[in-house]
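Q: Below: one structure in structure tokens.
The values are calculated or read from the model by the stated rules, or taken from the named source; none is laboratory data. This one's a predicted model, so the numbers in the text were calculated from it and none came from an experiment. Using ideal geometry, Cβ is built from the backbone for each residue, glycine included, and neighbour counts are taken over all protein chains shown.
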Amino acid sequence: MDKHIELARSKRQALALLALVTAVFVVTSWLPHSLGVDILKAMAEAAMVGAMADWFAVVALFRRIPVPFIARHTAIIPRNKDRIGENLAVFVRDKFL
């Protein structure tokens, strides 16, 4: 399978799962409180927070996010690619050659 098609499929699946857990969270917010509903709501909330945190972490590694106070902590790999390359070369030379 083509890598671009596979990546697009994975992105659609991730977005669909985020939409699903968001819908579960919204629906459980309107339901009467019970142990089962509260557990389901907590699980949906945790899934939403985890998905957004993972998205931010991956995006912040590769792209600049223009949000005050955090912009300087983004685009980590592009800003440090020369240093990362040098350290990787030293690691390979010392450990494998």
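Q: Has the stretch 44-66 got at least one residue that is in a helix (DSSP H, G or I), among the basic types (Lys, Arg) and modelled with pLDDT under 95? Can you show your working first?
A: Filtering the stretch 44-66 down to residues in a helix (DSSP H, G or I) leaves 44-62.
Narrowing the set further to residues that are among the basic types (Lys, Arg) leaves none.
Looking for residues that are in a helix (DSSP H, G or I), among the basic types (Lys, Arg) and modelled with pLDDT under 95, one finds none in the stretch 44-66, hence no.
Q: If you don't mind, another one. Could you run through the stretch 19-66 and say how many residues are of a type in the set (A, V, I, L, M, F, W, C), closer than 30 Å to ILE84 by Cβ and loosely packed, with under 12 Cβ neighbours inside 10 Å? So that I can check it myself, show each step before the final result.
A: Restricting attention to the stretch 19-66, the residues satisfying the condition of being of a type in the set (A, V, I, L, M, F, W, C) are 19-21, 23-27, 30-31, 35, 37, 39-40, 42-44, 46-49, 51-53, 55-62, 65.
When the remaining residues are screened for being closer than 30 Å to ILE84 by Cβ, the result is 49, 51-53, 55-62, 65.
Now drop any that are not loosely packed, with under 12 Cβ neighbours inside 10 Å, which leaves 49, 52-53, 57-58, 62.
Of the residues in the stretch 19-66, 6 are of a type in the set (A, V, I, L, M, F, W, C), closer than 30 Å to ILE84 by Cβ and loosely packed, with under 12 Cβ neighbours inside 10 Å.
Q: Sticking with this structure for a sec: Quickly run through the stretch 74-85 and pick out the residues that are surrounded by 11 or more Cβ atoms within 10 Å (Cβ to Cβ) and not basic (Lys, Arg). Explain how you work it out, then say what you get.
A: Looking only at the stretch 74-85, we keep the residues that are surrounded by 11 or more Cβ atoms within 10 Å (Cβ to Cβ), and these are 74-80, 84.
Answer for the stretch 74-85, where residues must be surrounded by 11 or more Cβ atoms within 10 Å (Cβ to Cβ) and not basic (Lys, Arg): THR74, ALA75, ILE76, ILE77, PRO78, ASN80, ILE84.
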